[in-house]
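Reviewing the structure listed below.
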Amino acid sequence: MMGKNLASKAKRLGNAEWGGCQAAAEILHDNPSALQSMVVYQLTLTNGKRYIGSTRRPLVARLAEHLSVSINPHRNGNHKSLIYPALRKHGWSGMQVEVLANHTTAKELFAAEGYFIAIAEPEYNIRIPAGVPGANSRYN
């Protein structure tokens, strides 16, 4: 029941298709951070490669959106993020989701995301290095 409840919250709080909401709820069902918002998070796929992102909404809603795009590429076909084809290739079974930081303002959140991307150099981010003008970065 907890998984269905979490999937319903992801659907209500985000913009994901139901399949993505169910997958996100399955991944985060035992994760105490599932309903946290204003977080910088890291996804680590089974191949060991990482993606770092941030969300102002609950983590489960954002993860559901990532998974929805990987399940249905037409949802965001013009986005160039490397995480979506990687999720399609490697799947999300066994993927690790970790909250790296919590913040109270969007400005702090985006700065922290840029910081973590810059120091970790995650393989699936397109904003490497963070803050480089013209590198699809909001940290200019």
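Quick look at the values:
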read-out: Phi-based couplings in Hz for the stretch 39-50 (Karplus 6.51, -1.76, 1.60; Gly and Pro marked x); value: 10, 9, 10, 10, 9, 10, 7, 5, 7, x, 7, 10
read-out: 5 angstrom amide H check on Ala101, placed H, neighbours 5+ away; value: Val40
read-out: For the stretch 32-117, accessible area per residue (1.4 Å probe, heavy atoms of protein chains only), Å²; value: 47
read-out: Gain in span if fully extended, Arg12 to Asp30, counting 0.36 nm per residue against the direct Cα distance; value: 4.5 nm
read-out: Protein accessible area in the stretch 7-91, 1.4 Å probe - carbon and sulfur %; value: 47
read-out: Pairwise FRET efficiency - Ile119 versus Asn5, Cβ, R0 = 41 Å, nearest 0.05; value: 0.70
read-out: 5 angstrom amide H check on Ser81, placed H, neighbours 5+ away; value: none
read-out: Karplus-derived 3J(HN,Hα), 6.51/-1.76/1.60, for each residue of the stretch 55-60, Hz, glycine and proline x; value: 8, 8, 9, x, 4, 4
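The values are calculated or read from the model by the stated rules, or taken from the named source; none is laboratory data. All values reported here derive from a predicted model rather than from experimental measurement. Cβ atoms come from the backbone with ideal geometry, glycine included; neighbour counts cover every protein chain shown. Please note that ligands, DNA and RNA were not included when accessible areas were found on the heavy atoms of the full protein model with its side chains. Shrake-Rupley method; radii C 1.70, N 1.55, O 1.52, S 1.80 Å.
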